[in-house]
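Enquirer: Okay, handing you the structure first.
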Amino acid sequence: MKKILAASAAVLLICALFIPLLLRYAGPFSDEIIPLDPTADDMRGWEFYTCENGLRTPLEIQDRSGTLFYYGLEYEGQAFYRSRIMTEQLDSPLLNLGVANVEVAVFLDDELIYTDAYDTGYEIGNVQLTDTEKQRTHGGILISLPLDYAGRTLTVVQASSPGEKPGYTDIYPCPVTLYSTRGYESVLISQSWQDACNAIIPAVLAFLLLIFFVLRAVRGKLDLGLFFLSLFLLLQSAEVVISASYAISYFDGYRLDAVTLCRLCSTMAMALFLCTRMQKFQKTALAVAALQFISIVISALTQLNLLVPYGDTYMMLVYLAGRASLLAMILITVFALLEWRLHNRFFALYARITVGLAAAYLLFLCISPLVFPGYLQNTLQRLSHNGNTVYLLRLFNGLMIIPGIASVSIDLIRQEIARRTDFTMLTMKSQAAYESLKNMQDNISSLREMRHNMLHHLTVMESLGKSGQTDRLQEYISALTQETGSVATPQYTAHPVVNAILSSELARAEKDGVEAETHVSLPEYLDIADNDLCALLMNMINNALEACAGMEEGAKKWICITMHIRGKYCYIGVENSKNGPVYYDRENNICISTKGNRTAHGYGMKTMEQIAKRYDSKLHISFTDSTFHVNTALLLKPASRPDTLRSVR
């Protein structure tokens, strides 16, 4: 326990020292960043209007649930203006316009300081702008303002985007942000740091899971769940990389919505992972995942213009994959909860973690207006927006990352512990078999020696008989009989495994000067797995012999073993002498002697406790100043344990 506490303290100390240092790059210098976008509560001094031949016409602004909508364009593609007086003061000022594919012009007072339309006018009210097919990279346009910008009027002219239907024009004012040079650099650093962490962490976890996948395949078990969970994490990492602000520089020219495609495919990978862990509903869940895959393929082919031309059917097929994926995840989540109710051990853990995280997120939404104003409103707006299924899938994916990784990690740990336990039990059985074989070899050697000497014995007995020395003949025969009996293999019980263990361990006890007493009455066959019986009995006896070995020279050392059947229970108990103190952990029901290897002893006690629980029992421990007693009663119920390795019949 002290070593565990020391290791935990060291880890916490290292994290406390280095995590704040790493997080220093997570956020920009917010005091040198001033968002200038209008909100429903504060227009920030902006005036929105159109200007034709010097005539200003204000735009109509409507507030819908905290979101501003703008109306009033006279014709499709008309440029619109917005102006405000710059009252903010920053050193080395930079103005960022978050435009993607429309032309803009920027004036400071009446002076044109930037435009990307070469054939436009150079006066307010005489500007002709259009949309452009080329996507701008890395956050739009960055403009260096003169140092005397404060107090002057900033005017941003932006081309309107053609609507999805003929005759409609959408007005989407681009985001406007004022930075200092230092503040803008901190934004680039923090965005890169966040993108790197969000991409690297799931990728590293994915590669670790792939290593486990290969190792388990080498051991003869192909766990496709690890493969699909790794694919889910890699797609999450790919989504972060593709959606980064600089990604357009590297992934320009693709007609597919790669970010949404990664999100849909990662959702399908998670669905397939959950399918591999199901039992009763696995086939139904796989059918749902197959339909989800078909919808994703249809959506991708539609975006590539391989199925239908652009129109209402086109949009329906594009959004089909998101809706189908959301429905698939809801159904598979229901199947997971049903598997939990059917006592599926994996989903018992997975469902608890998922429900806990969902409850925590709902609680966060309830208190977010007090801690993060605007978060709840922004979330509800996204959910109410057309195409909200993609955002819901993002929430689903984020909610499933932690339960998926945690459940798989714990499941892998359980399987590794079970594998090591089985290996330990096999080692114990091999040791018992080796000791039994060694005893048989010793007996064979003794028999060979007796055979060699038998002729001499017969000659002596014949001579004593002929000479009439009957008393000496009787003594000689008794001594010879005793010597012959010592060669015989002891038979403690009809059960072969128990008999082999007792033969080897009690022979060891005799060599160590420990008196052994046995009260064993067992049938040849038991409804208890041989490996469980071997591990339980050998741990009990080994611990007892270890306690006796720690006693002082000349002290009486003894061990008493009791095994019998009473009704539906098999009682197993070992009592031994001792003279040292005992450490007892009541919470974990672990008793560790102060002599010998405490770690190994504790592991053996845990193994015995687990075996007792497996057979609906408990390990009982009692001790005095001079004795130690451990016992349990294993329930014999073969009908409920079809997977148990019982004694070979």
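Enquirer: Among the listed residues T379, T302, identify the single one that is buried (at least 17 other Cβ atoms within 10 Å of the Cβ), assigned by TED's automatic domain parsing to the domain that holds M270, free of Cβ contacts under 8 Å to residues at least 40 places away in the same chain and farther than 28 Å from R277 by Cβ.
Expert: Working: T379 fails: buried (at least 17 other Cβ atoms within 10 Å of the Cβ).
Being buried (at least 17 other Cβ atoms within 10 Å of the Cβ), assigned by TED's automatic domain parsing to the domain that holds M270, free of Cβ contacts under 8 Å to residues at least 40 places away in the same chain and farther than 28 Å from R277 by Cβ holds for just one of T379, T302, which is T302.
Enquirer: Has the stretch 535-549 got at least one residue that is surrounded by 21 or more Cβ atoms within 10 Å (Cβ to Cβ), closer than 26 Å to F423 by Cβ and at pLDDT below 85?
Expert: Yes, because at least one residue in the stretch 535-549 is surrounded by 21 or more Cβ atoms within 10 Å (Cβ to Cβ), closer than 26 Å to F423 by Cβ and at pLDDT below 85.
Enquirer: Let me ask you something else. Within the set of pairs 6+ apart or on separate chains, which have a first residue in the stretch 575-588 that is within 10 Å of D625 (Cβ to Cβ), a second that is of a type in the set (A, V, I, L, M) and modelled with pLDDT under 75, and C-beta atoms under 8 Å apart?
Expert: Final answer for the pair search is V582/I592.
Enquirer: Here's something else I'd like to know. Residues of the stretch 88-107 being touching a strand residue (DSSP E or B) at 6+ places or on another chain (Cβ under 6 Å) and either in a strand (DSSP E or B) or not assigned by TED's automatic domain parsing to the domain that holds V176 (or both), which ones?
Expert: L94, L95, N96, L97, V102, V104, A105, V106, F107
Enquirer: Report yes if S83 is at positive phi and either over 46 Å from the mean Cα position of the chain (by Cα) or basic (K, R) (or both), otherwise no. Break it down stepwise before answering.
Expert: Details: at positive phi: no; either over 46 Å from the mean Cα position of the chain (by Cα) or basic (K, R) (or both): yes.
So S83 does not fit the description; no.
Enquirer: Name every residue in the stretch 213-231 that is in a helix (DSSP H, G or I) and either in contact with a Gly (Cβ under 8 Å, 6 or more places away or on another chain) or surrounded by fewer than 17 Cβ atoms within 10 Å (Cβ to Cβ) (or both), in order of residue number. Don't jump to the end; show me each part of the working.
Expert: First pass over the stretch 213-231, keeping only residues in a helix (DSSP H, G or I): 213-218, 224-231.
Answer for the stretch 213-231, where residues must be in a helix (DSSP H, G or I) and either in contact with a Gly (Cβ under 8 Å, 6 or more places away or on another chain) or surrounded by fewer than 17 Cβ atoms within 10 Å (Cβ to Cβ) (or both): V214, L215, R216, A217, V218, L224, L229.
Enquirer: If I ask for residues that are in contact with a helix residue (DSSP H, G or I) (Cβ under 8 Å, 6 or more places away or on another chain) and hydrophobic (A, V, I, L, M, F, W, C), which ones from the stretch 32-68 would you list? So that I can check it myself, show each step before the final result.
Expert: As a first pass, look at the stretch 32-68 and keep what is in contact with a helix residue (DSSP H, G or I) (Cβ under 8 Å, 6 or more places away or on another chain): 32-33, 65-67.
Result: I33, single match.
Listed here are the residues, each with its yes/no results for (1) loosely packed, with under 14 Cβ neighbours inside 10 Å; (2) in contact (Cβ under 8 Å) with a residue 60 or more places away in the chain.
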| site | (1), (2) |
| --- | --- |
| A26 | yes, yes |
| T39 | yes, no |
| D42 | yes, no |
| G45 | no, no |
| G54 | yes, yes |
| Y70 | no, yes |
| E74 | yes, no |
| G77 | no, yes |
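Enquirer: Right, next: From the list S230, S192, S161, which one is of a type in the set (S, T, Y) and under 30 Å from F29 (Cα atoms)?
Expert: Numbers: S230 fails: under 30 Å from F29 (Cα atoms); S161 fails: under 30 Å from F29 (Cα atoms).
The unique qualifying residue is S192.
Enquirer: Do we have A516 as out of contact with any Cys (no Cβ under 7 Å at 6 or more places or on another chain) and either in a strand (DSSP E or B) or among the charged types (D, E, K, R) (or both) here?
Expert: Values: out of contact with any Cys (no Cβ under 7 Å at 6 or more places or on another chain): yes; either in a strand (DSSP E or B) or among the charged types (D, E, K, R) (or both): yes.
For A516, the condition - out of contact with any Cys (no Cβ under 7 Å at 6 or more places or on another chain) and either in a strand (DSSP E or B) or among the charged types (D, E, K, R) (or both) - is met.
Enquirer: If you check every pair at least six apart or on different chains, which have Cβ atoms under 9 Å apart with a residue in the stretch 207-220 that is without any contact (Cβ under 8 Å) to a residue 40 or more places away in the chain first and a residue that is loosely packed, with under 15 Cβ neighbours inside 10 Å and part of a helix (DSSP H, G or I) second?
Expert: Once the first residue is without any contact (Cβ under 8 Å) to a residue 40 or more places away in the chain and sits in the stretch 207-220, its partners that are loosely packed, with under 15 Cβ neighbours inside 10 Å and part of a helix (DSSP H, G or I) give F213/L224; R216/Q415; R219/R419.
Enquirer: Residue check, A321 against (1) modelled with pLDDT of 90 or more; (2) among the hydrophobic types (A, V, I, L, M, F, W, C); (3) within 17 Å of L392 (Cβ to Cβ), all met but one. Which one?
Expert: (1)
Enquirer: Continuing with the same structure: Within 29 Å of the chain's Cα centre (by Cα), in the same structural domain as S245 (by TED's automatic domain parsing) and assigned to a helix (DSSP H, G or I), is that true of T333? Let's see the steps before the verdict.
Expert: Numbers: within 29 Å of the chain's Cα centre (by Cα): yes; in the same structural domain as S245 (by TED's automatic domain parsing): yes; assigned to a helix (DSSP H, G or I): yes.
So T333 passes the test.
Enquirer: Pairs please, first residue from the stretch 257-272 and free of Cβ contacts under 8 Å to residues at least 60 places away in the same chain, second anywhere and part of a helix (DSSP H, G or I) and surrounded by fewer than 22 Cβ atoms within 10 Å (Cβ to Cβ), Cβ atoms under 6 Å, 6+ apart in sequence or on different chains.
Expert: Pairs found: A258/I242; V259/I242; C262/A238; A269/L231.
Enquirer: Does the stretch 232-247 contain any residue that is polar (S, T, N, Q), part of a helix (DSSP H, G or I) and closer than 16 Å to V390 by Cβ?
Expert: Here is the first cut: in the stretch 232-247, the residues polar (S, T, N, Q) are 236-237, 243, 245.
Restricting the remaining residues to those that are part of a helix (DSSP H, G or I) gives 236-237.
This time we only want the ones that are closer than 16 Å to V390 by Cβ, so: 236.
Checking the stretch 232-247: at least one residue is polar (S, T, N, Q), part of a helix (DSSP H, G or I) and closer than 16 Å to V390 by Cβ.
Enquirer: Could I ask something else about it? Restricting attention to the stretch 58-75, report how many residues are closer than 18 Å to L154 by Cα and part of a strand (DSSP E or B).
Expert: Step one: filter the stretch 58-75 for residues closer than 18 Å to L154 by Cα, giving 58-59.
From the residues that got through so far, the ones that are part of a strand (DSSP E or B) too are 58.
Residues that pass the stated criteria total 1.
The values are calculated or read from the model by the stated rules, or taken from the named source; none is laboratory data. What you see is a predicted model; the values in this text were computed from it and never measured. Here the Cβ is made from the backbone with ideal geometry for all residues, glycine too, and neighbour counts use every protein chain on show.
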